[in-house]
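Okay, so here's the structure we're looking at.
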Amino acid sequence: MKKKLFELRKSYDKLSIDFEKLPSHPMDLFKIWFDEVSSHEGVDEVNAFTLSTINSIGDLRSRVVLLKKIVNESFIFFTNYESEKAQSIFHNPKVCMSFYWPNLERQIIINGKAIKSSKKISDEYFKSRPRGSQLGAHVSPQSKEIPSKNFLIQRLKKIEKKYKGVEIPRPTNWGGIKITPDSYEFWQGRPNRLHDRVKFFKVQSNWEYVKLAP
Ligand SMILES: Cc1cc2nc3c(=O)[nH]c(=O)nc-3n(C[C@H](O)[C@H](O)[C@H](O)COP(=O)(O)O)c2cc1C
């Protein structure tokens, strides 16, 4: 490595959280932050988040996926239902989503429970995807061991031939996962490492919040 890790240093000073003006629902604050981050330059794939899951033997795994839809109070991403992440979720629905947006020095961590989204949502989204991505969903046995790259290329050729000139159906093992939050934590970088943090949690059907030390 060329850079000395201990010399990598950044001061956070762009914005702050106004605790007097917090919306009562954390989803509203999520949407405000998302809009601000995406209309500001410097973040690629603003909808990318780190998803952590727990598998059947209690091992954790995190990976990046893309937020593709918000329905009422839930977040939806799409994946292969036989993948490691989906199988973990079907065994243990507890998940953690984490967004980091360096352009505005913001992080949001959401804990919640995940389930399959409706077939309607999966079908609608699958139809909206480019044909290449639709084919890819049929081709890839996500998270399974494969013998070679050529294995995928050969499968792609077969699937292309099968669906030539016709609409590609959604594979039954591919679709949406819907995450309903139990808590949200918003983090805004501040000078001297005295960052602003606010955590929303549900008390019966109402959202309440506390400020947290950085
Ligand atoms: C920027 C980015 C976006 C991604 N989006 C998705 C996604 O929306 N759905 C998905 O299944 N995998 C997505 N992936 C791939 C996952 O990170 C992961 O490699 C794959 O889903 C297999 O994960 P698993 O074996 O833990 O289930 C994305 C990766 C990156 C880097």
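The values are calculated or read from the model by the stated rules, or taken from the named source; none is laboratory data. Predicted, not measured: the structure shown is a model, and the values here were computed from it. Reconstructed Cβ throughout: ideal geometry from the backbone, glycine too, with neighbour counts over all protein chains shown. Areas reflect the complete protein model, heavy atoms only, side chains present, ligands, DNA and RNA absent. Shrake-Rupley method; radii C 1.70, N 1.55, O 1.52, S 1.80 Å.
So, with +1 on the Cβ of K and R and -1 on the Cβ of D and E, and no other charges, what is the size of the charge dipole of the chain about its Cα centre, to the nearest 20 debye? Intermediate values should be presented prior to the final figure.
Values: 38 positive and 24 negative charges, 213 e Å.
Value, rounded to 20: 1020 debye.
Which values of log₁₀ I(q)/I(0), to two decimal places, follow from the Debye formula for segment 81-167 at q = 0.12, 0.13, 0.23 Å⁻¹ with a uniform point scatterer at every Cα?
So the normalised log intensities work out to -0.59, -0.68, -1.14.
So, for segment 110-214, what is the accessible surface per residue at a probe of 1.4 Å, expressed in square angstrom?
On the way: 6670 Å² over 105 residues.
With the other protein chains kept in place, segment 110-214 gives 64 Å² per residue.
What does the C-alpha gyration tensor say about the overall shape of segment 118-182? Classify as rounded when a/c is under 1.5, otherwise prolate if a/b is larger than b/c, or oblate.
Details: a/c = 3.14, a/b = 1.40, b/c = 2.25.
Taking the square roots of the gyration eigenvalues as a ≥ b ≥ c, segment 118-182 is oblate.
What lysines sit close enough to K157 to cross-link, taking a C-alpha to C-alpha distance under 30 Å and skipping anything fewer than 8 places away on the same chain?
Result set, ordered by chain and number: K68, K85, K116, K119, K120, K127, K144, K149.
Leaving ligands, DNA and RNA out of it, rank H91, H195, H25, H40 by accessible area with a 1.4 Å probe, largest first. Write down the numbers at each step before the final one.
On the way: H91 110, H195 20, H25 45, H40 85 Å².
Largest accessible area first, the list is H91, H40, H25, H195.
Run through segment 157-198 and list the GluC sites (Glu not before Pro) located in a DSSP loop whose Cβ has at most 10 other Cβ atoms within 10 Å. Don't jump to the answer; show the numbers that get you there.
Values: sites: E160, E167, E185; in loops: E167.
Sparse-neighbourhood loop GluC sites (Glu not before Pro): E167.
For segment 36-129, which GluC sites (Glu not before Pro) are both in a DSSP coil and crowded by at most 10 other Cβ atoms within 10 Å?
Values: sites: E36, E41, E45, E73, E82, E84, E105, E124; in loops: E41, E45, E73, E82, E105.
Passing sites in segment 36-129 are E41, E45.
Tell me the trypsin sites (Lys or Arg not before Pro) within segment 158-214 that lie in a loop according to DSSP and have at most 13 other beta-carbon atoms within 10 Å. Please list the in-between numbers first.
Details: sites: K158, K161, K162, K164, K178, R193, R197, K199, K202, K211; in loops: K164.
Counting only loop positions with at most 13 other Cβ atoms within 10 Å, the trypsin sites (Lys or Arg not before Pro) in segment 158-214 are K164.
Between I109, I153, I89, where does the largest GNM mean-square fluctuation fall for the chain, given springs only between Cα atoms within less than 10 Å?
I153
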